[in-house]
1. Select from the range 89-116 the residues that are under 20 Å from Glu155 (Cα atoms), surrounded by 16 or more Cβ atoms within 10 Å (Cβ to Cβ) and not hydroxyl-bearing (Ser, Thr, Tyr) and list them in ascending order.
2. From the list Gln202, Gln146, Gln231, exactly one residue is modelled with pLDDT of 95 or more and surrounded by fewer than 17 Cβ atoms within 10 Å (Cβ to Cβ). Which is it?
3. Which residues, counting only those in the range 1-30, are among the β-branched types (Val, Ile, Thr), part of a loop (DSSP other than H, G, I, E, B) and crowded, with 17+ Cβ neighbours inside 10 Å?
4. Can you tell me how many residues within the range 109-159 are charged (D, E, K, R), closer than 18 Å to Phe73 by Cα and not in a helix (DSSP H, G or I)?
5. On the given criteria, is Thr139 buried (at least 16 other Cβ atoms within 10 Å of the Cβ), under 17 Å from the mean Cα position of the chain (by Cα), more than 23 Å from Gln12 (Cα to Cα) and hydroxyl-bearing (Ser, Thr, Tyr)?
6. In the range 31-88, which residue that is exposed (fewer than 15 other Cβ atoms within 10 Å of the Cβ) and of a type in the set (Val, Ile, Thr) is farthest from Ala150 (Cα to Cα)?
7. Within the range 80-104, can you find the residues that are more than 13 Å from Ala126 (Cβ to Cβ) and not in a helix (DSSP H, G or I)?
8. Please pick out the residue among Val222, Val162, Val197, Val211 that is surrounded by 23 or more Cβ atoms within 10 Å (Cβ to Cβ) and either of a type in the set (Gly, Ala, Ser) or in a strand (DSSP E or B) (or both).
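The values are calculated or read from the model by the stated rules, or taken from the named source; none is laboratory data. Note that the structure is a prediction, hence the values are computed from the model and not measured. Every residue, glycine among them, receives a Cβ derived from its backbone with ideal geometry; neighbour counts consider all protein chains shown.
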Amino acid sequence: MTKTYRGYSLDQVAKTIDHSILKPDFSYADVQAGAELALKFNTASYCIRPMDVAMAAKLLAGSTVNVCTVIGFPHGSTTTATKAFETQDAIANGATEIDMVINVSALLSGDFDYVEKDIKAVVDVAHAKGASVKVIFETCFLNDEQIIKACQLTENAGADYVKTSTGFGSEGATSHNVALMKKTVGDRLKVKSSGGVRTLDQLLDYMDLGVTRSGCSATAQVLEEFVAKAQ
């Protein structure tokens, strides 16, 4: 009989996790260790810096762990053409999931046409190659109205997920923002929580709200806690 905790199995929880190794001071050895951990727990994806995509693709070859990387990260302020090229380059190196950062400045300035076209440029490149796109809002800079607008622009641009945060802003995911995003997109888009997801119960709280992915660097701690608590 499969052991569960709060109604979830270990496989269900692991397959919501994008195991993330994104800090600038991580070495090649850290990237390799991260891939081994993602394989051990069979996470949904392994999210790494663009420079690490080719290495990760080799390490994960033949597994069900997807290769995920970040675009316009962490500020979202690179040009649209740059984001499109980054996406093309990442996919050529083996990425199958793209987490792009929205142009926060343009959104705060009310330049919604720019924001939507910026997202769509990445979506068009990614979808042409069969890769999915998650759009990072950096919700710590946005009010509720702006979060709702960002959800609408993301949907208009044809992306697959809305995502709360980079993990490098002043605040990560919150239950309020996750619930607001889920309410706005319904079942039309998926929701990813990220930034500060460090405990098992926190991760499961987001799953209860409808999240299907969570960015997490404390993956071993979270899943080992699950094993200890599951009955």
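1. Glu97, Ile98, Asp99, Met100, Val101, Ile102, Asn103, Val104, Ala106, Leu107, Val115, Glu116
2. One residue alone meets the criteria, Gln146.
3. Matches in the range 1-30: Thr16 only.
4. Total meeting the criteria: 2.
5. So Thr139 fits the description; yes.
6. Thr64
7. Asn93, Gly94, Val101, Ile102, Asn103 - these are the residues of the range 80-104 that are more than 13 Å from Ala126 (Cβ to Cβ) and not in a helix (DSSP H, G or I).
8. Just a single option satisfies the conditions, and that option is Val162.
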